[in-house]
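Quick notes on the structure that follows.
The values are calculated or read from the model by the stated rules, or taken from the named source; none is laboratory data. Owing to the predicted nature of the structure, the values given are computational and were not obtained by experimental measurement. Quick reminder, even Gly has a Cβ in these numbers, built from the backbone with ideal geometry, and neighbours come from all protein chains shown.
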Amino acid sequence: MESHSSRPGECRRYATESTVTESQTLLWLDDERDPAEARWHAYFPISLPTVIWIKSYDEFVEWISSNGMPNAICFDHDLGHGPSGFDAAKWLTEFCLDNGERIPAWNIQSANPIGKENIIALLKSFERITENQ
C-alpha cells in the first residue's frame, strides 16, 4: 500500500490490492470515509482501482484539472464546510462539456439521501443528453 500524507489539503493514494496490474484510477471524494476500509469497496464502480482520496471540492477540481479524467469517481454529498459533492458533480459536467469528455464510471456513498438523489439526477441527465454526441 502506497500512502501519502492525509493532512488537510493533501490526498492519500493507495492501491486497494497489493497485486494491482491495471492502472485504473478512482477518485474517492469524501471528507470522512476512508476508502481503505473494505466496507466501502462495494461502492467502487471499477475493479482493483488505484484510489485517490480527495476530501474537498477544491482538491477535486485541482486533481482533475492537473491530471485529467480518472476512470471512476465516488461522490459524497456533504464535504464539511464549503462546496458539496453536488457542486463537484456540477463542475465535472461543465469540465466534460468544455473538454469533450464523457463522465467516467461513478457511484455515490453519501448518507444524505436528498444530496445523493440530486447528484444521481444531475449525472444521469448529463449522460442522457451527451450519449448521442
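Remarks
- Tally, over region 117-133, of residues that are assigned to a helix (DSSP H, G or I) and surrounded by fewer than 19 Cβ atoms within 10 Å (Cβ to Cβ): 10
- Test for N132: is it more than 10 Å from the chain's Cα centre (by Cα), more than 21 Å from S23 (Cβ to Cβ) and at pLDDT 95 or above: no
- Count of region 55-106 residues which are part of a loop (DSSP other than H, G, I, E, B) and crowded, with 17+ Cβ neighbours inside 10 Å: 10
- A single member of I103, I129 is among the β-branched types (V, I, T) and within 18 Å of I54 (Cβ to Cβ), and it is I103.
- Residue-level check: of (1) surrounded by 15 or more Cβ atoms within 10 Å (Cβ to Cβ); (2) free of Cβ contacts under 8 Å to residues at least 40 places away in the same chain; (3) more than 19 Å from M69 (Cα to Cα), Q109 misses just (2).
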